[in-house]
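A.B. asks: What follows is a structure written as structure tokens; I'll ask about it next.
The values are calculated or read from the model by the stated rules, or taken from the named source; none is laboratory data. All values derive from a computational prediction rather than experimental measurement. Using ideal geometry, Cβ is built from the backbone for each residue, glycine included, and neighbour counts are taken over all protein chains shown. Areas reflect the complete protein model, heavy atoms only, side chains present, ligands, DNA and RNA absent. Shrake-Rupley method; radii C 1.70, N 1.55, O 1.52, S 1.80 Å.
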Amino acid sequence: MQQLSNANALDVDKRCKAVLAELQKSFPPGLQGFIAVDTTTVVSDSIREVEKTLTEAIVIVIVVIFRFLQDWRATLIPAITIPVSLIGTFRVHQAVRILN
């Protein structure tokens, strides 16, 4: 299998593994199918690292805000704006991609 250039690698991987599992049911005894090269491990690891880094960055920002404001109640409002601004940024990025 080879994915198209505009395909979602993780979705293609999941579907290919499902097809392979289904086909193995009809294989003769002793024959086993396997995936020789799995390029999606890099994609999965990258996504996991981005999530980890984003979480660490948010925690550090909240700690710095608290350090300067010295009050958890005053820190709450700026801390809430972090995910709101990230979501807004991703939405604008998605809209720009669609327009181009």
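A.B. asks: Provide the gained length on full extension for the span Trp72 to Val42, in nm with one decimal, where the gain is 0.36 nm per separating residue minus the Cα-Cα distance.
C.D. replies: Working: separation 30, 0.36 × 30 = 10.80 nm, distance 3.89 nm.
Result for the pair: 6.9 nm of gain on full extension.
A.B. asks: Counting only heavy atoms of the protein chains, get the accessible area per residue of the chain (1.4 Å probe) and round it to a whole Å² value.
C.D. replies: Result: 88 Å² per residue.
A.B. asks: How far apart, in nm, are the 7 Å Cα→Cβ label points at Ile35 and Ala7?
C.D. replies: So the label points at Ile35 and Ala7 sit 1.2 nm apart.
A.B. asks: Compare Phe34, Phe27, Phe90 by solvent-accessible area with a 1.4 Å probe and give them largest first, with all protein chains kept in place.
C.D. replies: Sorted by accessible area, descending: Phe34, Phe90, Phe27.
A.B. asks: Pull out the extension gain between Phe90 and Ile60, defined as 0.36 nm times the separation in residues minus the alpha carbon to alpha carbon distance; nm, one decimal.
C.D. replies: Working: separation 30, 0.36 × 30 = 10.80 nm, distance 2.09 nm.
This chain segment gains 8.7 nm when fully extended.
A.B. asks: So what are the ³J(HN,Hα) numbers for region 34-51, from phi and the Karplus equation (6.51, -1.76, 1.60; θ = phi - 60°), rounded to whole Hz, Gly and Pro as x?
C.D. replies: After applying 6.51 cos²θ - 1.76 cosθ + 1.60, I find 8, 9, 6, 10, 10, 7, 7, 5, 5, 5, 4, 5, 5, 4, 4, 5, 5, 4 Hz.
A.B. asks: With a 1.4 Å probe and all protein chains left in place, how much of the accessible area of the chain comes from carbon and sulfur atoms, in whole percent?
C.D. replies: After summing per-atom areas, the C and S share lands at 65 percent.
A.B. asks: For region 19-29, take each phi angle, set θ = phi - 60°, evaluate the Karplus expression 6.51 cos²θ - 1.76 cosθ + 1.60, and give the result in whole Hz per residue in order, putting x for glycine and proline.
C.D. replies: 5, 4, 5, 5, 5, 5, 5, 9, 6, x, x
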